[in-house]
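Below: one structure, written as C-alpha coordinates.
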Amino acid sequence: MATDHNKPIYVLNGPNLNLLGQREPGVYGAKTLADVEQDCMDFAAKIGIDIVFRQSNSEGELVGWIHEAGQQGSAVAINAGAYTHTSVALHDAIKGVDVPVVELHISNIHARESFRHHSMIAAACLGQICGFGTASYTLGLQALSDHLES
Ligand code: CA2
(Lines give C-alpha, C1' and ligand atoms only; values in the text may rest on other atoms or scores of the structure.)
Protein backbone atom coordinates (compact mmCIF):
# COMPACT_ATOMS: atom_id res chain seq x y z
CA MET A 1 0.00 0.00 0.00
CA ALA A 2 1.45 3.40 -0.91
CA THR A 3 1.41 6.15 1.70
CA ASP A 4 -1.24 8.77 1.05
CA HIS A 5 0.66 11.79 2.33
CA ASN A 6 -2.52 13.86 2.34
CA LYS A 7 -4.14 11.63 4.93
CA PRO A 8 -3.12 11.72 8.59
CA ILE A 9 -2.39 8.81 10.91
CA TYR A 10 -4.95 8.84 13.71
CA VAL A 11 -3.53 8.38 17.21
CA LEU A 12 -6.45 7.32 19.41
CA ASN A 13 -6.48 7.05 23.20
CA GLY A 14 -9.04 5.28 25.32
CA PRO A 15 -10.42 5.57 28.84
CA ASN A 16 -8.51 7.19 31.69
CA LEU A 17 -5.50 8.07 29.55
CA ASN A 18 -6.44 11.71 30.20
CA LEU A 19 -5.12 11.00 33.72
CA LEU A 20 -1.63 10.17 32.49
CA GLY A 21 1.10 11.79 34.59
CA GLN A 22 -1.24 12.43 37.50
CA ARG A 23 -1.26 8.93 39.08
CA GLU A 24 0.66 5.66 38.85
CA PRO A 25 3.93 7.16 37.52
CA GLY A 26 5.67 3.87 38.36
CA VAL A 27 3.53 2.10 35.75
CA TYR A 28 2.82 4.78 33.16
CA GLY A 29 5.61 7.34 33.66
CA ALA A 30 5.50 11.03 34.48
CA LYS A 31 4.40 12.46 31.13
CA THR A 32 0.92 13.85 30.68
CA LEU A 33 -1.19 13.03 27.63
CA ALA A 34 -0.45 16.56 26.37
CA ASP A 35 3.29 15.75 26.63
CA VAL A 36 2.74 12.53 24.68
CA GLU A 37 0.77 14.44 22.04
CA GLN A 38 3.63 16.93 21.70
CA ASP A 39 6.16 14.07 21.38
CA CYS A 40 4.00 12.54 18.64
CA MET A 41 3.67 15.89 16.83
CA ASP A 42 7.45 16.42 16.97
CA PHE A 43 8.13 12.88 15.76
CA ALA A 44 5.53 13.16 12.99
CA ALA A 45 7.14 16.38 11.74
CA LYS A 46 10.54 14.68 11.81
CA ILE A 47 9.44 11.72 9.67
CA GLY A 48 7.13 13.76 7.45
CA ILE A 49 3.67 12.55 8.39
CA ASP A 50 0.53 14.27 9.66
CA ILE A 51 -1.29 13.04 12.73
CA VAL A 52 -4.64 13.52 14.43
CA PHE A 53 -4.39 12.93 18.21
CA ARG A 54 -7.53 12.25 20.29
CA GLN A 55 -8.68 10.79 23.61
CA SER A 56 -12.09 9.60 24.74
CA ASN A 57 -13.52 7.76 27.70
CA SER A 58 -16.40 6.60 25.50
CA GLU A 59 -16.23 3.30 23.63
CA GLY A 60 -18.73 4.54 21.05
CA GLU A 61 -16.73 7.67 20.32
CA LEU A 62 -13.62 5.56 19.75
CA VAL A 63 -15.61 3.34 17.36
CA GLY A 64 -16.71 6.47 15.47
CA TRP A 65 -13.16 7.77 15.23
CA ILE A 66 -11.93 4.41 13.84
CA HIS A 67 -14.65 4.69 11.17
CA GLU A 68 -13.57 8.30 10.49
CA ALA A 69 -9.93 7.20 10.16
CA GLY A 70 -11.01 4.57 7.65
CA GLN A 71 -12.38 7.37 5.45
CA GLN A 72 -10.12 10.32 6.19
CA GLY A 73 -6.92 8.76 7.53
CA SER A 74 -4.13 6.50 6.28
CA ALA A 75 -3.72 4.42 9.45
CA VAL A 76 -4.52 4.21 13.16
CA ALA A 77 -2.31 3.84 16.24
CA ILE A 78 -4.58 3.04 19.17
CA ASN A 79 -4.04 2.76 22.90
CA ALA A 80 -7.49 1.49 23.73
CA GLY A 81 -6.79 1.50 27.48
CA ALA A 82 -8.98 -0.92 29.43
CA TYR A 83 -11.29 -1.42 26.40
CA THR A 84 -8.37 -3.41 24.97
CA HIS A 85 -9.38 -6.25 27.24
CA THR A 86 -13.16 -6.08 26.83
CA SER A 87 -14.29 -4.55 23.57
CA VAL A 88 -15.74 -6.64 20.77
CA ALA A 89 -17.03 -3.33 19.37
CA LEU A 90 -13.48 -2.01 18.90
CA HIS A 91 -12.39 -5.34 17.39
CA ASP A 92 -15.26 -5.16 14.89
CA ALA A 93 -14.59 -1.48 14.10
CA ILE A 94 -10.93 -2.23 13.34
CA LYS A 95 -11.95 -5.19 11.15
CA GLY A 96 -14.41 -2.89 9.42
CA VAL A 97 -11.90 -0.37 8.10
CA ASP A 98 -9.43 -0.76 5.27
CA VAL A 99 -6.48 1.00 6.92
CA PRO A 100 -3.72 -0.60 9.02
CA VAL A 101 -4.15 -0.37 12.77
CA VAL A 102 -1.39 -0.77 15.36
CA GLU A 103 -2.29 -1.52 18.98
CA LEU A 104 -0.03 0.16 21.47
CA HIS A 105 0.40 0.24 25.23
CA ILE A 106 2.67 2.15 27.56
CA SER A 107 3.09 -0.80 29.92
CA ASN A 108 3.86 -4.43 29.08
CA ILE A 109 0.33 -5.83 29.41
CA HIS A 110 1.71 -9.41 29.31
CA ALA A 111 3.80 -8.83 32.44
CA ARG A 112 0.91 -7.44 34.49
CA GLU A 113 -2.32 -8.84 36.01
CA SER A 114 -3.72 -11.83 34.09
CA PHE A 115 -6.85 -9.87 33.07
CA ARG A 116 -4.58 -7.60 30.99
CA HIS A 117 -2.89 -10.47 29.14
CA HIS A 118 -5.64 -10.89 26.58
CA SER A 119 -6.33 -8.23 24.00
CA MET A 120 -9.71 -8.28 22.25
CA ILE A 121 -8.31 -6.09 19.47
CA ALA A 122 -4.90 -7.73 18.82
CA ALA A 123 -6.15 -10.19 16.22
CA ALA A 124 -7.72 -7.36 14.20
CA CYS A 125 -4.54 -5.26 14.22
CA LEU A 126 -1.43 -5.27 12.08
CA GLY A 127 0.68 -5.61 15.22
CA GLN A 128 1.12 -4.71 18.85
CA ILE A 129 3.72 -2.54 20.59
CA CYS A 130 3.82 -2.51 24.37
CA GLY A 131 6.13 -2.02 27.28
CA PHE A 132 8.29 0.83 26.01
CA GLY A 133 6.71 3.54 28.12
CA THR A 134 5.32 6.46 26.20
CA ALA A 135 7.94 5.74 23.49
CA SER A 136 5.45 3.04 22.40
CA TYR A 137 3.55 5.87 20.65
CA THR A 138 6.43 7.02 18.44
CA LEU A 139 7.45 3.39 17.83
CA GLY A 140 3.89 2.80 16.63
CA LEU A 141 4.03 5.80 14.31
CA GLN A 142 7.37 4.62 12.90
CA ALA A 143 5.98 1.12 12.34
CA LEU A 144 2.91 2.45 10.53
CA SER A 145 4.92 4.89 8.43
CA ASP A 146 7.30 2.08 7.38
CA HIS A 147 4.34 -0.20 6.62
CA LEU A 148 2.61 2.44 4.50
CA GLU A 149 5.82 3.06 2.56
CA SER A 150 6.45 -0.64 1.91
O1 CA2 B 1 -0.27 0.31 29.28
C2 CA2 B 1 -1.20 0.88 28.68
O3 CA2 B 1 -1.01 1.79 27.86
C4 CA2 B 1 -2.65 0.51 28.99
O5 CA2 B 1 -3.38 0.54 27.77
C6 CA2 B 1 -3.16 1.56 29.96
C7 CA2 B 1 -4.57 1.27 30.46
C8 CA2 B 1 -4.69 -0.16 30.97
O9 CA2 B 1 -6.05 -0.44 31.32
C10 CA2 B 1 -4.21 -1.18 29.97
O11 CA2 B 1 -4.30 -2.47 30.54
C12 CA2 B 1 -2.77 -0.89 29.58
C13 CA2 B 1 -4.94 2.23 31.60
C14 CA2 B 1 -4.88 3.65 31.22
C15 CA2 B 1 -5.19 4.48 32.43
O16 CA2 B 1 -4.09 5.28 32.72
C17 CA2 B 1 -4.00 5.88 33.92
C18 CA2 B 1 -2.95 6.76 34.08
C19 CA2 B 1 -2.79 7.40 35.29
C20 CA2 B 1 -3.69 7.18 36.32
C21 CA2 B 1 -4.73 6.32 36.16
C22 CA2 B 1 -4.90 5.67 34.94
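The values are calculated or read from the model by the stated rules, or taken from the named source; none is laboratory data. Owing to the predicted nature of the structure, the values given are computational and were not obtained by experimental measurement. Here the Cβ is made from the backbone with ideal geometry for all residues, glycine too, and neighbour counts use every protein chain on show. Quick note on the areas: whole protein, heavy atoms, side chains included, nothing else; ligands and nucleic acids left out. Shrake-Rupley method; radii C 1.70, N 1.55, O 1.52, S 1.80 Å.
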Subject >> Boolean, A77 is within 16 Å of the ligand (Cβ to nearest atom), modelled with pLDDT of 95 or more and open to solvent by less than 30 Å² (accessible area, probe 1.4 Å) >> reply: yes
**OP:** Name the single residue, out of those in the stretch 89-122 being aliphatic (A, V, I, L, M) and near the ligand (Cβ under 9 Å from one of its atoms), that is nearest to G21 (Cα to Cα).
**Re:** I106
Original post:
Restricting to the stretch 89-102, what's the tally of residues that are in a helix (DSSP H, G or I) and either among the aromatic types (F, W, Y) or open to solvent by 20 Å² or more (accessible area, probe 1.4 Å) (or both)?
Top reply: 4
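Matching residues to (1) open to solvent by 50 Å² or more (accessible area, probe 1.4 Å); (2) more than 16 Å from the ligand (Cβ to nearest atom); (3) β-branched (V, I, T); (4) on the phi > 0 side of the Ramachandran plot:
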site: V11; (1), (2), (3), (4): no, no, yes, no
site: G21; (1), (2), (3), (4): no, no, no, yes
site: G73; (1), (2), (3), (4): no, yes, no, no
site: G81; (1), (2), (3), (4): no, no, no, yes
site: T84; (1), (2), (3), (4): no, no, yes, no
site: S87; (1), (2), (3), (4): no, no, no, no
Original post:
Which of (1) outside any helix (DSSP H, G or I); (2) within 9 Å of the ligand (Cβ to nearest atom); (3) open to solvent by 40 Å² or more (accessible area, probe 1.4 Å) is the odd one out, the single condition R54 does not satisfy?
Top reply: (2)
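How many residues does the stretch 33-47 contain that are open to solvent by 30 Å² or more (accessible area, probe 1.4 Å) and without any contact (Cβ under 8 Å) to a residue 60 or more places away in the chain?
Applying the first criterion (open to solvent by 30 Å² or more (accessible area, probe 1.4 Å)) to the stretch 33-47 yields 34-35, 37-39, 41-43, 45-47.
Remaining after also requiring without any contact (Cβ under 8 Å) to a residue 60 or more places away in the chain: 34, 37-38, 41-42, 45-46.
Within the stretch 33-47, residues that are open to solvent by 30 Å² or more (accessible area, probe 1.4 Å) and without any contact (Cβ under 8 Å) to a residue 60 or more places away in the chain number 7.
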Original post:
Out of all the residues in the stretch 103-118, is one or more farther than 28 Å from E149 by Cβ and in a strand (DSSP E or B)?
Top reply: no
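Would you point out the residue of the stretch 23-32, among those that are assigned to a loop (DSSP other than H, G, I, E, B), open to solvent by 30 Å² or more (accessible area, probe 1.4 Å) and at pLDDT below 95, that is farthest from the ligand (Cβ to nearest atom)? Even if it seems obvious, please write down each step before you answer.
Initial filter on the stretch 23-32 (assigned to a loop (DSSP other than H, G, I, E, B)): 24, 29-32.
Among the residues that remain, those that are also open to solvent by 30 Å² or more (accessible area, probe 1.4 Å) are: 24, 30-32.
Checking which are at pLDDT below 95 leaves us with 24, 30.
Details: E24: 5, A30: 10 Å.
Filtering the stretch 23-32 for residues that are assigned to a loop (DSSP other than H, G, I, E, B), open to solvent by 30 Å² or more (accessible area, probe 1.4 Å) and at pLDDT below 95, the one farthest from the ligand (Cβ to nearest atom) comes out as A30.
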